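These notes are about the structure you will find just below.
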Amino acid sequence: MRVRPLIVAVMLLVAVYLPAFLIVSTLVLTSPAFASAVESDPWLAVPVIMSVTLASSVLIILRAGSEDLGKYGMMVPDWSSIRGPLVVGILFGAAVNLAGAAFWGDSGFLGEPPLFLGILLFWVGAPIQEELIFRGLFQGYLSINLGAVLGIASYRVPVQILLGALAFSLVHVGIVSAGAEFGLVLFTVFGAFVLGIIAGHYRCRDGGLAGPILVHALFNITGTLAAIL
């Protein structure tokens, strides 16, 4: 397996996330009001991080895929690319989130965001933002520049799917800094990895991001409903 595409792919993730954390850190240091608000309610930093990383990923995709945005998943979806994620997203999301609720209940490690903010961030924002980053930019770049296949038993799995899922899951280790207990961190990382595999499969199969975004959104929606109910 070639190493250079892996290094560049990781650097692309750094280029997406670093500006967001620099901006948040600058706001915390220069704006006492923002620092106080984030300290009392950490959810208030999430829209800033999400907006900056979304903008960064779009700009990089537009630059890297200027000749063919379809290589990065930017294409108009059709019904065939939506049916599978629609069913799988509901079933998988319900199973994982109900299991999480049974073991940990309401973790509350970040506090409860206002309902409208939670819906905006996790039903709409996160599925679009994270799928653009991990299935669009990261997996798209590796598909173009790596394209290796890994044999697992009788299955042949594109390496870019596994690496995209791994990177996506590792990002969620960050909940440790927000006070999540170790068991919940492991459960979250594992759930994110499986979600990444499923989303990566639909990205590879259909070429676009509609399927990954839909399955991700439904996973988050069932999680919100599980917490409410």
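Just so you know, all these numbers are worked out from the coordinates, no wet-lab data involved. Owing to the predicted nature of the structure, the values given are computational and were not obtained by experimental measurement. Using ideal geometry, Cβ is built from the backbone for each residue, glycine included, and neighbour counts are taken over all protein chains shown.
Which value in nm describes the separation of the simple spin-label points at residue 43 and residue 99, placed 7 Å from the Cα toward the beta carbon?
2.6 nm
Could you please rank 131, 181, placing first whichever residue has the fewest other Cβ atoms within 10 Å of its Cβ? Before the final figure, lay out the partial values.
Values: 131 30, 181 13.
Listing 131, 181 from fewest to most nearby Cβ atoms yields 181, 131.
Say each of residue 8 and residue 224 gets a label point 7 Å from the Cα, pointing the same way as Cα to Cβ; how far apart are those two points in nm?
Placing both labels 7 Å along Cα→Cβ, they lie 3.8 nm apart.
Which of the DSSP-defined H helices in the chain satisfy a minimum axial length of 30 Å, computed from C-alpha atoms, and a minimum mean Kyte-Doolittle hydropathy of -0.5?
Working: long enough: 4-30 (38 Å, 2.21); 83-104 (31 Å, 1.41); 182-206 (36 Å, 1.24).
Long hydrophobic helices here: 4-30, 83-104, 182-206.
Between residue 55 and residue 205, 0.36 nm times their residue separation minus their Cα-Cα distance comes to what?
Length difference between fully extended and current span is 51.4 nm.
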